[in-house]
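The values are calculated or read from the model by the stated rules, or taken from the named source; none is laboratory data. Because the structure is a prediction, the values reported are computed rather than measured. For neighbour counting, all protein chains shown are included, and Cβ atoms are generated from backbone atoms with ideal geometry for every residue, glycine included. With ligands, DNA and RNA removed, areas are computed over all heavy atoms of the protein, side chains included. Shrake-Rupley method; radii C 1.70, N 1.55, O 1.52, S 1.80 Å.
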There are 2 protein chains.
Amino acid sequence: YISKSLKRSSKVLDFHYPHQLKEGLEGFSLELPDQPDNLEQLLVDCRDTLKYGVKTGHPRFFNQLSTGLDIIGLAGEWLTSTANTNMFTYEISPVFILMEEVVLRKMHSIIGWPEEDGDGIFCPGGTMSNLYSVLLARFHLFPAVKTHGMSAIPRLALFTSAHSHYSIKKSAAVLGIGSENVIVVRCDERGKMISSELNSSIEAGLVPFYVNATAGTTVYGAFDALNEIADICEHHGLLLSNKHRVKLQGIERAHSVTWNPHKMMGVPLQCSTILVKRKGLLQECNQLCAEYLFQPDKHYDVSYDTGDKSIQCGRHVDVFKLWLMWKAKVWQTISLFKLNVFSTTIRNVSWKMTLKRRTDFQLVFKGKPEHSNVCFWPRARQRTSHGKSRNEVAPKIKTKMMEEGFTMIGYQPLEDKVNFFRCVFSNPATQREDVDFLIDEITRLGCEL
Amino acid sequence: YISKSLKRSSKVLDFHYPHQLKEGLEGFSLELPDQPDNLEQLLVDCRDTLKYGVKTGHPRFFNQLSTGLDIIGLAGEWLTSTANTNMFTYEISPVFILMEEVVLRKMHSIIGWPEEDGDGIFCPGGTMSNLYSVLLARFHLFPAVKTHGMSAIPRLALFTSAHSHYSIKKSAAVLGIGSENVIVVRCDERGKMISSELNSSIEAGLVPFYVNATAGTTVYGAFDALNEIADICEHHGLLLSNKHRVKLQGIERAHSVTWNPHKMMGVPLQCSTILVKRKGLLQECNQLCAEYLFQPDKHYDVSYDTGDKSIQCGRHVDVFKLWLMWKAKVWQTISLFKLNVFSTTIRNVSWKMTLKRRTDFQLVFKGKPEHSNVCFWPRARQRTSHGKSRNEVAPKIKTKMMEEGFTMIGYQPLEDKVNFFRCVFSNPATQREDVDFLIDEITRLGCEL
């Protein structure tokens, strides 16, 4: 499967519509039987499950930021599932608990915080990491909220850019703050938060407590101006959080950072962290001291029972695969973005050589991309003069692309812009020829519309 | 590793204190190097990681409810990590999305809901499933909370028993309801919620909206009286949720059910579900319609893009291992508790044969245990007359037990009861002789105190 995943001649996916898969394809039934299946049948099922899935490690899979299939990371995940343990206490996860400490400390130092200060935890995905971050900020300023709830504290407002990830709004909805109290700050044409607008938004009303800045936005890959935003936060006494990737100056001024190794670092899903500047805050915010897990009279240092820092009780071991990859490829991760430099090269090449010179494509924003995202419209014949039909071009091309199955790329509208493609480069298996292939495919499929 | 895990002569753990592991044992260093390690070193690291970990599949590991190492489940987890995809959309997880639907539908029918009604989602652990449940109940009664926050709705109260899992309080803290608004209903001496007290608690004040009932409490393994509680909920117009395991009559009257296959069904961690009676509620409560993932103009039925039902954005694939195990051992899971029947047998045997007849043990509550938990005090010589030193017996025995490493069991105090052992049976590898071994070990270690 893995070698097939990496082979260009194999399809990225063998697409079928939901009703086709549900009806059962060539004997592959998803239904649960009344009698146990034998081992042979189970093996066939496993083969079919992979056959009808999507090869996210394929060099021509451009659909998501989390791509690639790192063998060391995969080995780490296999060992983790064999160990089948849980992150709540040192007593049942001594090695993994200490590994988490080691890796988080390293991440702190990369951010620019003193290694020994700071805290953090691995979370089930970046949205949960962001939720932790908002939760901690609220608790830091208004600790009464934990016991008394939102009714005991003033109405809060938090700030994020129009191009930021939807997890900030989701966090506000879940935490009882309300999504309308997320103040959306406008972006410039490159997708960066307009810092001056942040300033005036903060002055507008409610009790501001949290600003989210993004280093690499989801669609454009834009980097917010961290130092400018940090200045504004300091002026207003707000907590600053940075999400996704670490690149720009000023990151060390954030009070919390969401860093997802399962994105640009190519670690198998799930691997996401929330890093917190103030030691102890995670524990104070979330601890409930359940006595059946966190007995204070244990024989070892119970500060290693990190389970009371988390929202979850049981917590999956996500650290080992990252630890193992880090040991194996220190060059790739220690400077954080060798991998990123690599994809930058591909991106620049592809951007210069293809999109800029070809009149059948139009870039969504001018100038060299800052990160691994290239956003563009294909100019499909005839239809492009009408807004509505132009909006249909990308979905129609994508439909044909998926039905044929040789490559995959995502599209979306954004603000006043009709559907455009977003090409993300984060898979080390991707080479120049794969980008050329993608561009040619889009052209070919567009012509057929 | 797996066959060693199952061998009685091998240790459950090779315990070391945090400072010992951090200093590096026999060359096993947790620190991240400045230069990449070679493959040979990585393999040694993998071996050492397993060596110093805890064998949670060992027949003499009684420390947690999630134990055992199911080979089919493990194979499922390995395939899942090889596929390395994400549950947010059908386009990148067609097979797994449909499997989730199939498995959830089956779980609905076991609960007693019509298969086609109902909804649900796999969550990163039971605490997150319970958090979903509280979140959904709040949204169902006060949909304005999603956009306007808690300040737009009345002060809420929720109800749970004194012996219930701490995740209910944690949910209240995280969601902005406040942990003090969790009204704790007293239990009888067997750990069951006293339903009449629930009735009077509800009448006491605030706006009641949610009752949690437990089928198999964490420590005693008690089953709350679901039908009685459902009657009270109906009378007051409240939402009823059931967590953990499904056994008792009345479960079908719950509006949501948390069911953790990674507990009594022996599925590798993590595998937990929240099941919801009202179709559409999950989506309405959590959707934010991010356009880069959930484009409405896709070519397939976008109701299969289930990612907007979840709090998370990216979501780990937890369904496959359960699906595969279900296919392989339908006998074990279709009637839900063949496994449970099995452990009930062991429990009864062990309880009758050992604890009841031996004067060196005392059961924490009288009568036959209802579920897989047996709670008892060891009567260590001399000290038992003093409350304080009696409280120290279990921790001291556990310390010696861990240092020797041949078996593991948890302890805790509960309400006015000093530290007692909780023996949980959920590992199919456990046999009668393992229970005898545990009891003898506790006696031996207690005598040495």
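Of A:Tyr90, A:Gln283, A:Ser272, whose Cα points farthest to the positive end of the dipole of the stretch A:86-316 (charges on the beta-carbon: +1 Lys, Arg; -1 Asp, Glu; origin at the Cα centre)?
Checked the options; the winner is A:Ser272.
At a probe size of 1.4 Å, how large is the accessible area of B:Thr127, to the nearest 10 Å²?
Taking all protein chains as shown, B:Thr127 has close to 10 Å².
Kirkwood Rh over alpha-carbon pairs of the protein assembly as shown, then Stokes-Einstein at 20 °C and 1.002 mPa s: what D in µm² s⁻¹, rounded to an integer?
It comes out at roughly 76 µm²/s.
Scan chain A for the residue whose Cβ is closest to the axis carrying it onto chain B, then write down that distance in whole angstrom.
A:Gly176, 1
Take every residue in peptide A:10-22, count the Cβ atoms of other chains within 10 Å of its Cβ, and give the average of those counts.
That works out to 3 on average.
Note down the accessible area of A:Tyr90, probe 1.4 Å, to the nearest 10 Å².
Spelled out: A:Tyr90, probe radius 1.4 Å, area about 0 Å².
Of all GluC sites (Glu not before Pro) in the stretch B:139-243, which ones are in loop regions per DSSP and have a Cβ with at most 16 other Cβ atoms within 10 Å?
Answer by residue number: B:Glu189, B:Glu203.
Suppose each label sits 7 Å from its Cα in the direction of the beta carbon; what would the A:Lys368-A:Asp297 distance come out to in nanometres?
Roughly 6.6 nm, to one decimal.
Give the value in nm², to one decimal: projected area of the alpha carbon convex hull of chain B, averaged over all directions.
24.8 nm²
Give the aspartates and glutamates whose C-alpha is closer than 17 Å to that of A:Lys417, dropping any in the same chain fewer than 8 places away, or say none.
Of all the aspartates and glutamates, those that pass the test against A:Lys417 - Cα under 17 Å, at least 8 places apart if same chain - are A:Asp188, A:Glu189, A:Glu392, B:Glu291, B:Asp297.
Are there any GluC sites (Glu not before Pro) in the stretch A:397-449 that are in a DSSP loop and have at most 12 other Cβ atoms within 10 Å? List them by number.
A:Glu415, A:Glu448
Nm distances between the label at B:Lys366 and the same-position labels in the remaining copies, 7 Å along Cα→Cβ, shortest first?
Those label-point separations list as 8.8 nm.
How far, in nm to one decimal, is A:Leu39 from itself in the other copies if the label point is set 7 angstrom along Cα toward Cβ? Shortest first, please.
2.8
What FRET efficiency would be calculated for the residue pair B:Ser200, B:Glu415, taking the C-beta separation as r and a Förster radius of 22 Å, to the nearest 0.05?
So, using R0 = 22 Å, E works out to roughly 0.65.
Mind checking B:285-292 for the average number of partner chain beta-carbons within 10 Å of each residue's beta-carbon?
Mean inter-chain Cβ contacts per residue within 10 Å come to 5.
Considering only B:Leu198, B:Leu226, B:Leu42, give the residue with the highest GNM mean-square fluctuation for chain B, with springs between Cα atoms whenever their separation is below 10 Å.
Comparing B:Leu198, B:Leu226, B:Leu42 in a Gaussian network model of chain B, the most mobile one is B:Leu42.
Could you work out the Rg to Rh ratio of the stretch A:86-316, with Rh taken as the Kirkwood radius (inverse of the mean 1/r over all Cα pairs)?
Dividing the radius of gyration by the Kirkwood radius yields 0.97.
Could you check which residue among A:Gln64, A:Gln295, A:Gln270 shows the biggest mean-square fluctuation in a GNM of chain A with a 10 Å Cα cutoff?
For chain A, modelled as a Gaussian network with Cα springs under 10 Å, the answer is A:Gln295.
Heavy atoms of the protein only, probe of 1.4 Å, neighbouring chains included. What is the accessible area of B:Tyr300 in Å², nearest 10?
10 Å²
Which of B:Glu77, B:Glu291, B:Glu100 ends up with the largest GNM mean-square fluctuation for chain B, with Cα atoms connected below 10 Å?
B:Glu291
Ordering A:Ser151, B:Ser350 by how much accessible area each has at a 1.4 Å probe, largest first, what is the list?
A:Ser151, B:Ser350
For chain A, what does -39500 (n - 2.57) per DSSP helix run (n ≥ 4), summed and divided by total residues, give at 222 nm, in deg cm²/dmol to the nearest 500?
So the calculated ellipticity at 222 nm is -11500 deg cm²/dmol.
Starting from the stretch A:417-449, pick out the trypsin sites (Lys or Arg not before Pro) whose DSSP state is loop and whose Cβ has at most 11 other Cβ atoms within 10 Å.
none
Taking each residue of B:86-96 in turn, how many C-beta atoms of other protein chains fall within 10 Å of its C-beta, and what is the average?
6
Where the label is 7 Å out from Cα toward Cβ, how close does B:Glu403 come to the same position in every other copy, in nm, shortest first?
7.2
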